[in-house]
Amino acid sequence: MKRTLLTTGVALLASTMALTGCQTKNSSSGNGGGNGGGTGSASGGGGPAAGKIVIMVGGAAKVIYMPAKLTEQLGYFKDEGLNVELQDTPAGVTAETQLLAGQAQGVVGFYDHTIDIQAKDSSKCLESVVQFANVPGEVEVVSKKNQGTIKSPSDFKGKKLGVTSQGSSTDFLTQYLAGKGGVSTSQYTTVKAGADATFIGALTSGGIDAGMTTDPTVARLTKTGQGSVLLDMRTAAGTQKALGGLYPASSLYMSCDWVNANKPTVQKLANAFVKTLKFINSNSADTIASKMPADYAGGDKQLYVKAINDSKGMFTGDGVMDEGGAKNVLTVLGSFSGNVKPKKDQIDLSKTYTTEFVKAAK
């Protein structure tokens, strides 16, 4: 059985909240527009104060989730008359649990969680309402010590591989890549390496031999030579090479029940995020970096600009899901996931995302 280690200094936020069910997705008809709309708690949870929309972000400083904070910084939530509170959490799987427990109304995280939850319990329904990127934006980084021994996923055997947390999207992708290389999950050790400083510490101390992470962590490791890129899924070409097709990832996903009950509010969120995606696609990395909180640069503005520049091409300009990409996510998960594999043919992808709101965005 695969062993899971806790890297020294990495604290995993635990959640024991009960999960609440959700029903089928909203119809694709109509534009979800209008003024007003409820913004209270999701059913079954205590939720936030009335009028506030809580969105959990699976790592706010990660460039792959940049649209969340950038939208706030640009004032686009306020322009739509929304009171949005972004809450940072170390891993997407924790954010998903918070959402299902009614402690949040949305999650900025990976789309693949919507498929995974349907496989676990078909009575539960999560859907992407704005698709930020159709590639993961993730990079498999190898430590300096192992650059000569890990040259492909087939070399993962016997190695310690870092992921954000067990059950996270980085864990999903690592399992797939290892399996594709002929290495089973029992033949390598999964390490909860977190992100940013904790990931860097794990890689440089020998706590992990390689691991999956994003910018700006990738930029910091490659600048110092402490890590090198093995697989680059920040581009369509790199993603297709590693995963056999596009892999829609970073998104705003929500409970289908909450979307159905709050369509005008969801439309306003879509308006704000699509406006941000257009801003990203029409501005330089330097301009984008100047709009973000100063501490996100980690004391190195030039490096942060490089990190954004290396990753900004992955963002969609309109928030629309790539249909073929969604099918490939199911193919990837269905090839190894203990939850998805036995139910692959029963998954209804139409319940995992909607383009209704982004297509109607102002």
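The values are calculated or read from the model by the stated rules, or taken from the named source; none is laboratory data. Since we're looking at a predicted model, the values are computed, not measured. Please note: Cβ atoms are built from the backbone with ideal geometry, for glycine as well, and neighbour counts cover all protein chains shown. All accessible areas refer to the heavy atoms of the entire protein, side chains included, with ligands and DNA or RNA removed. Shrake-Rupley method; radii C 1.70, N 1.55, O 1.52, S 1.80 Å.
Computed quantities for the displayed model
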{"quantity": "Cα centroid separation, segment 243-300 to segment 125-159 (Å)", "calculated": "22"}
{"quantity": "Reachable aspartates and glutamates, given that their alpha-carbon falls under 13 Å from the alpha-carbon of Lys327 and they are not under 8 places away in the same chain", "calculated": "Asp112, Asp345, Asp348"}
{"quantity": "Semi-axis lengths (Å, descending) of the ellipsoid that matches the C-alpha gyration tensor of segment 71-221", "calculated": "31, 19, 13"}
{"quantity": "Local electrostatic count, Ala361, Cβ distance below 9 Å [Lys/Arg +1, Asp/Glu -1]", "calculated": "+2"}
{"quantity": "Candidates Asp232, Asp79, Asp116, ranked by Gaussian network fluctuation over the chain, Cα under 10 Å, top entry", "calculated": "Asp79"}
{"quantity": "Built amide H within the under 5 Å cut-off of Ala133, gap 5+", "calculated": "Ala249, Ser250, Thr316"}
{"quantity": "Principal-axis tilt of helix 169-180 within the chain, Cα atoms, nearest 10 degrees", "calculated": "50"}
{"quantity": "Relative contact order for segment 118-226, counting Cα pairs under 8 Å that sit 6 or more residues apart, in percent", "calculated": "34"}
{"quantity": "Within the accessible area of the chain (1.4 Å probe), percent carbon and sulfur", "calculated": "48"}
{"quantity": "Gaussian network model of the chain, springs between alpha carbon atoms under 10 Å - residue of Glu323, Glu138, Glu72 with greatest fluctuation", "calculated": "Glu323"}
{"quantity": "Separation of alpha-carbon centers, segment 304-319 and segment 165-241, rounded to whole Å", "calculated": "19"}
{"quantity": "Computed FRET value (nearest 0.05) for Leu349 with Lys291, which takes r as the C-beta separation and R₀ as 41 Å", "calculated": "0.75"}
{"quantity": "Nearest-ten-degree value, helix 323-334 long axis tilted from longest Cα axis of the chain", "calculated": "50"}
{"quantity": "Where the chain is the region considered: accessible area per residue in Å², 1.4 Å probe", "calculated": "38"}
{"quantity": "For the chain, convex hull of alpha carbons as volume per residue, Å³", "calculated": "122"}
{"quantity": "Close Lys-Lys pairs in segment 108-211, where close means Cα under 20 Å and separation is 8 or more or interchain", "calculated": "17"}
{"quantity": "Hz values of 3J(HN,Hα) by residue in segment 147-162 - Karplus curve (6.51, -1.76, 1.60), Gly and Pro given as x", "calculated": "4, x, 10, 10, 10, 6, x, 5, 9, 6, 4, x, 9, 9, 10, x"}
{"quantity": "√(5λ) per eigenvalue of the Cα gyration tensor, segment 160-271, largest first, Å", "calculated": "30, 17, 15"}
{"quantity": "Kirkwood hydrodynamic radius over Cα pairs of segment 216-362, then Stokes diffusion coefficient at 20 °C and 1.002 mPa s, in µm²/s", "calculated": "121"}
{"quantity": "Degrees, to the nearest 10: 301-311 long Cα axis against longest axis of the chain", "calculated": "80"}
{"quantity": "Segment 194-276: relative contact order as a whole-number percent, Cα under 8 Å and 6+ apart", "calculated": "14"}
{"quantity": "Integer Hz, Karplus 6.51/-1.76/1.60 couplings in order for segment 115-128, x for Gly and Pro", "calculated": "6, 4, 5, 5, 5, 5, 7, 5, 7, 9, 9, 10, 9, 6"}
{"quantity": "Relative contact order of the chain, pairs being alpha-carbon contacts under 8 Å that are 6 or more residues apart, as %", "calculated": "27"}
